[in-house]
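Trainee: Following this message is one structure expressed as structure tokens.
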């Protein structure tokens, strides 16, 4: 799996949108972009994933650059419960290895 | 989605002893994974456990230290053997419901070795 680069930390105000960036300049054509988050004292939680097109689900949106070398996780209205470490991970499709390679992630703080 | 439980949720153990951690999934899955998260760090994969075959260990992890069993498609165990304080970590299991898709994690087992 290729590497990703994320800011170490970000701050947001409650009820405002949050844009979490991720750079993955060495992404290959068969890599999906996955996002997970880890709330304090819990296991990681799946957030969203995509390949080329932007994706939306009930938790977040994923905006993928046209060249796929970067992506942005968008939380439309941050709540205090969204304070967590967010991990951007590339995952090959159809490979024999299914594991996720976790980087350091971005620690998101949400201020009331 | 998948619901994963782990036992125990936490334990305090003496050095030189062993602890077996259980991971139970509410559906049948082919691939299960064991991760370690040392204090203040990110997750590191220990091994991949497929039912019916030997576990595949990552560099730096060996079977003698972390033996794994995978007796069926819903259950796995990880044993931390001959523990030392450096083994104090959170141990997590996870599963894939479909290859390349989202992965689901258990709540973790917090191990402290004194």
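The values are calculated or read from the model by the stated rules, or taken from the named source; none is laboratory data. Quick caveat, the model's predicted, so the values are computed rather than measured. Note that each Cβ is placed from the backbone with ideal geometry, even for glycine, and that neighbours are counted across all protein chains shown.
Trainee: Look at residue B:110 and say whether it is touching a residue at least 12 places away in the same chain (Cβ under 8 Å), surrounded by fewer than 21 Cβ atoms within 10 Å (Cβ to Cβ) and within 13 Å of another protein chain (Cβ to nearest Cβ).
Mentor: yes
Trainee: Take the stretch A:34-64 and flag every residue that is closer than 18 Å to residue A:4 by Cα, away from chain B (no Cβ under 12 Å) and surrounded by 16 or more Cβ atoms within 10 Å (Cβ to Cβ).
Mentor: The answer is A:62, A:63, A:64.
Trainee: Are any residues in the stretch B:62-101 closer than 22 Å to residue A:36 by Cβ and free of Cβ contacts under 8 Å to residues at least 24 places away in the same chain, and if so, which ones?
Mentor: B:98, B:100, B:101
Trainee: Is it true that some residue in the stretch A:27-35 is more than 25 Å from residue B:97 (Cβ to Cβ), out of contact with any helix residue (DSSP H, G or I) (no Cβ under 6 Å at 6 or more places or on another chain), modelled with pLDDT of 95 or more and part of a strand (DSSP E or B)? Steps first, please.
Mentor: Residues of the stretch A:27-35 more than 25 Å from residue B:97 (Cβ to Cβ): none.
No; the residues of the stretch A:27-35 include none that is more than 25 Å from residue B:97 (Cβ to Cβ), out of contact with any helix residue (DSSP H, G or I) (no Cβ under 6 Å at 6 or more places or on another chain), modelled with pLDDT of 95 or more and part of a strand (DSSP E or B).
Trainee: In addition: Looking at the stretch B:41-64, can you tell me whether even one residue there is more than 10 Å from the chain's Cα centre (by Cα), within 14 Å of chain A (Cβ to nearest Cβ), closer than 17 Å to residue B:97 by Cβ and surrounded by fewer than 18 Cβ atoms within 10 Å (Cβ to Cβ)?
Mentor: The answer is yes, given that some residue of the stretch B:41-64 is more than 10 Å from the chain's Cα centre (by Cα), within 14 Å of chain A (Cβ to nearest Cβ), closer than 17 Å to residue B:97 by Cβ and surrounded by fewer than 18 Cβ atoms within 10 Å (Cβ to Cβ).
Trainee: Is there a residue in the stretch B:68-85 that is more than 10 Å from every other protein chain (Cβ to nearest Cβ), in contact with a helix residue (DSSP H, G or I) (Cβ under 8 Å, 6 or more places away or on another chain) and either surrounded by fewer than 15 Cβ atoms within 10 Å (Cβ to Cβ) or not in a loop (DSSP other than H, G, I, E, B) (or both)?
Mentor: yes
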